[in-house]
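The values are calculated or read from the model by the stated rules, or taken from the named source; none is laboratory data. These numbers were taken from a predicted model, which means no experiment stands behind them. Don't worry about glycine lacking a Cβ; one is built from the backbone with ideal geometry, like all the others, and counts go over all protein chains shown.
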Amino acid sequence: MPLFKNQRVYDFFVSSTRGDLEDQRNQTINAIYRSGNHAVAMERFIPGFHQSQDYIRNIISESDVFILIVGRKSGSATSAGDPMYIRWEYSTAREYNKPIILFAPSDKEVSKGGFDDEILKFREELMDSGLYVNFFDFDKTSEFIVCVQDTIEATTFDLINNGVGGWIRSEVLDDYVSKKDVSANYLKSSALRSVADPIFDLEGLLPQLELDTDEKRSISRYILSVIGAAFEVESGIRRLFVEGGSTTFRFCKEFNEYCGNARSFYHNDVHNKLTIGTNSILNFLELALNIQGSTRPFQKLQFYPPPPVDDDFGQSFGSLVNIVSRTIHSYEKSQWQRDQRTIDRMDIVTEAHKTWLTKYGGMNLSIMSAAGLALGGEYQGPWVNKHESMLLQQCVYRAKEPILLVLDGKKWGSAAKEHESAYRVLFNGTNWEDVLAKQPFAVAVATFVEDKAAEIEKYFEQHDFTVLKDVAKRNLEPRKLYRVFAFNEKFSPLVI
């Protein structure tokens, strides 16, 4: 009985050594079949000439998903001289841009010893690849099975959702073709519900979406009044990254409305030219489903960095989740220093983000949020409440591409020392003064307090920023909302 009803069948190529991973390999193959899909595994091939590398390459190229399980042994060599057949298979899968699922022994298992040197080097290569690695312990069979099942189910859903690959059983083909109400059947899918239900159970973000909505909505609209034209013109912004957060979620809602009402955005075919990446499932759904007016949906919308998605805020951090989490106390004890291995991994992510932003030329922009902005005392700069958010933000800042930091007034001048879970974003070679002076940077703040607005204006004028400001007032609302958009000279090309 499949884990969920799936009209399409997908081929999952399973790569691993066999002697040391027989149990894990069999469990993976069984999970693939239980999901209603098809396992492509060497032991199921007919012995003979067709197990050559050319044949295996062809099999991998025709498969829909590549699963790699790494164990203690490096296994056999290829006829071409590569000491590890599984590494060659992995490289082939990357060459064909296949979705890749990785399983590797945990640090705890590695510490026990018994691993070939080549496999340890390969494990490090996988951890630094930018792909998510599922770690497992050899003696925790049930946990491994659950992880495999969940990963296969999530991957299958992604393939269904994107209409990629697979084949249809002949007995359901006629029914598949004749369905007139595809969306109704789609919404009945248990696979869709398994993905949608957690979205409405996010512990951290959903309650925040209803806080300070006036400020968040107003500053988002003001941002678009300042830089909106940069999305519309032919030589404008072509890559936009929107970090997850309640304020940036409101920006996504306003951005959809703006694009729906901007004629030039539609007529210049910008929805086909602009690539948008976000690490928030809520931002992604907002941008994908709620586009307004006559504008067609964005054709280049990406969930970036790749999953998994956390349970609190619905955000993804790609390979950064492989970096061991540390407490505030641990960072303070080490004077906010990192080990070289962590620095090396973050260098890879930083370079990857810079490459993503600049891939096709043109202007780019990363829109970031923060839990607070400290401006006095030992630390100055933005801070966040989550370790992975700190890692991602630091990589974005270190890329030295244009950044817009969006805040509501309550977060301005909020000292990190006053909060137990305040992770500093800027350290280990990055600092607030360099961000203000040496890279394209802007800050947008909305506040109901007039004196605070004046303080913000004065602060940025002292740092040679251009400061734009206005006052918004709702018809039946007696309070005034003061909005400030400040940017340095390097950011000015985005203000058209």
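Key figures for this structure:
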{"item": "Segments classed as strands (runs of 3 or more DSSP E), wholly inside the range 317-430, with at least 3 members that are under 24 Å from the mean Cα position of the chain (by Cα)", "result": "363-368, 381-384, 403-408"}
{"item": "Residues (among the β-branched types (Val, Ile, Thr) and crowded, with 18+ Cβ neighbours inside 10 Å) located in the range 88-132", "result": "Thr92, Ile100, Ile101, Ile119"}
{"item": "The listed residue being at pLDDT 90 or above, more than 19 Å from the chain's Cα centre (by Cα), surrounded by fewer than 21 Cβ atoms within 10 Å (Cβ to Cβ) and among the small types (Gly, Ala, Ser), out of Ser225, Ser235, Ser264", "result": "Ser225"}
{"item": "Qualifying position, being closer than 17 Å to Pro305 by Cβ, of a type in the set (A, V, I, L, M, F, W, C) and in contact with a Ser or Thr (Cβ under 7 Å, 6 or more places away or on another chain), among Val396, Val406", "result": "Val396"}
{"item": "Residue check, Ala453 buried (at least 16 other Cβ atoms within 10 Å of the Cβ), in a strand (DSSP E or B), out of contact with any Gly (no Cβ under 7 Å at 6 or more places or on another chain) and of a type outside the set (Asp, Glu)", "result": "no"}
{"item": "Scope the range 376-419; condition of a type in the set (A, V, I, L, M) and at pLDDT 90 or above; matching residues", "result": "Val384, Met390, Leu391, Leu392, Val396, Ala399, Ile403, Leu404, Leu405, Val406, Leu407"}
{"item": "Members of the range 23-41 found to be out of contact with any strand residue (DSSP E or B) (no Cβ under 8 Å at 6 or more places or on another chain) and closer than 15 Å to Val65 by Cα, listed by number", "result": "Ala31, Ser35"}
{"item": "Failed criterion for Ser91 (all others in (1) under 28 Å from the mean Cα position of the chain (by Cα); (2) polar (S, T, N, Q); (3) over 25 Å from Gly166 (Cα atoms) hold)", "result": "(3)"}
{"item": "Tally of residues being outside any loop (DSSP other than H, G, I, E, B) and either more than 18 Å from Ala41 (Cβ to Cβ) or modelled with pLDDT of 95 or more (or both) across the range 69-86", "result": "1"}
{"item": "Subset of the range 456-485 (residues that are of a type in the set (D, E, K, R) and either over 18 Å from Gly376 (Cβ atoms) or in contact (Cβ under 8 Å) with a residue 40 or more places away in the chain (or both))", "result": "Asp464, Lys469, Asp470, Lys473, Arg474, Glu477, Arg479, Lys480, Arg483"}
